[in-house]
Amino acid sequence: MGADGIVLVTGGSRGIGAATATLLAEQGRRVVIADIAPEPLAGTPAILWPAPFDVADETAVASGIAGIEAAHGPITGLVNSAGVFGKMHPVERVRMDQWDREVNIDLRGTFLVARGVGVRMAARRHGAIVNVASVAGMTSGPIHAYTAAKAGVIQITQTLAAEWGRTGVRVNAVSPGFTRTAALEAGIASGALNKRLLESPTALNRMVEPIEVAQAIAWLLSPMSSGVTGINLPVDAGFIAGSTWAAYGGLPEASGA
Ligand SMILES: NC(=O)c1ccc[n+]([C@@H]2O[C@H](COP(=O)([O-])OP(=O)(O)OC[C@H]3O[C@@H](n4cnc5c(N)ncnc54)[C@H](O)[C@@H]3O)[C@@H](O)[C@H]2O)c1
């Protein structure tokens, strides 16, 4: 992918989307951020799409994409980072309105924006898409709708990669582990999440920084990954690798030196 066109980052006003938009702008890409609660990013040249952009609203997504391209030029890179976290519940207390909200935004929304932008990229035979999934879509947890939605994001990533592969358009996913965004920090501060329990199962014994997810996304958008499509890249500080070791007495501490 060349340096022409724009990169659209959904959910770009906060968290992983904001870190990605900032990094890509620093790397010299023209970046447009779109968000349901749009706020500019201080200190970066990333362009704010000022109208609220709801990824789960089919009509708004179609008109938003058309409006963004009319105003700023063809989208050659797309980062689908808009999303909401899963509410933790025992299965019998999962409320179906909450289920619908998570699936609508995290899965349906990712599909709607990927399709809306991807068909345009395919027609132009040029572009790369990165969907933000989650290690939650590769493991299990008491967040029943979220894990299903994120597994779905990993699946549609493969399907769309195959769908548009002959056009040269690439579609990949990243799966962050627990990532130290303001939203996650707030969860820790409120006592809803326990920092130690988030960190200790990971091989690296820590959370992921938003910039680390952004760097993986930037790689998947860039020509440096020109041979890669349809993959799901965990950026998880070794959460998947390390989390089964509790069954064997835990991960070894660093020794020596
Ligand atoms: N932070 C983590 O630990 C973590 C881990 C794995 C995956 N993720 C995923 O990363 C993505 C970004 O999460 P984050 O941690 O940066 O969260 P965040 O809450 O900091 O940012 C999410 C952004 O998406 C926007 N948004 C929410 N609903 C939207 C909608 N319907 N339309 C458009 N924008 C909408 C929000 O306004 C916000 O700006 C999400 O898909 C999330 O599931 C996060």
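The values are calculated or read from the model by the stated rules, or taken from the named source; none is laboratory data. Worth saying up front: this structure is predicted, and the values here are computed from it rather than measured. FYI the Cβ positions are ideal-geometry reconstructions off the backbone, even for glycines, and counts take in every protein chain you see. Note: areas computed on protein heavy atoms with side chains; ligands, DNA, RNA excluded. Shrake-Rupley method; radii C 1.70, N 1.55, O 1.52, S 1.80 Å.
Structure notes:
- The candidates 87, 150, arranged from most to least accessible area with a 1.4 Å probe in the full protein assembly, appear as 87, 150.
- Three-way shape label, region 32-83, alpha-carbon gyration tensor, a/c 1.5: oblate
- Among 49, 24, 36 - extreme Cα towards positive end, dipole of region 1-62, charges at beta-carbon: 24
- Net charge dipole size for the chain [Lys, Arg +1 and Asp, Glu -1 on Cβ; Debye, nearest 20]: 340
- Diffusion coefficient, µm² s⁻¹, Stokes-Einstein with Kirkwood Rh over alpha-carbon pairs of the chain at 10 °C and 1.306 mPa s: 85
- For region 118-246, size of Cβ-based charge dipole, Lys and Arg +1, Asp and Glu -1, in debye: 360
- With all protein chains in place and ligands, DNA and RNA left out, the 1.4 Å accessible area ranks 138, 88 as 88, 138, largest first.
- Accessible area per residue in Å² at 1.4 Å probe, computed on region 19-67: 47
- Charge-dipole axis of region 73-212 as Lys and Arg at +1 and Asp and Glu at -1 on Cβ define it, positive-most pick from 137, 75, 147: 75
- Heavy-atom surface of region 96-143, accessible at 1.4 Å and reported per residue (Å²): 42
- Net charge of Cβ neighbours under 12 Å - reference residue 186; Lys, Arg +1; Asp, Glu -1: +1
- Taking region 150-257 and dividing mean pair separation by its residue count, relative contact order in percent (alpha carbons under 8 Å, at least six apart): 36
- Within the full protein context, the accessible area of residue 97 is estimated at about 90 Å² for a probe radius of 1.4 Å.
- Summary of packing: across the peptides 50-60, 186-196, the per-residue average of other C-beta atoms within 10 Å ranks them, highest first, as 50-60, 186-196.
- Neighbourhood charge, 10 Å Cβ-Cβ cut-off, centred on residue 127 and excluding it, Lys, Arg +1 and Asp, Glu -1: +4
- Of 255, 217, 159, farthest towards positive along the dipole that unit charges on Lys, Arg, Asp, Glu beta carbons give region 157-257: 159
- Atom-type composition of the exposed protein surface of the chain places 58 percent of the accessible area on carbon and sulfur (1.4 angstrom probe).
- Computed from point charges on the beta carbon alone (+1 for Lys and Arg, -1 for Asp and Glu), the dipole magnitude for region 144-204 about its Cα centre is near 80 Debye.
- Screening the chain for whole DSSP H helices of 27 Å or more along their axis (Cα) with average Kyte-Doolittle hydropathy at least 0.0 returns 144-164.
- Relative contact order of region 114-165, pairs being alpha-carbon contacts under 8 Å that are 6 or more residues apart, as %: 30
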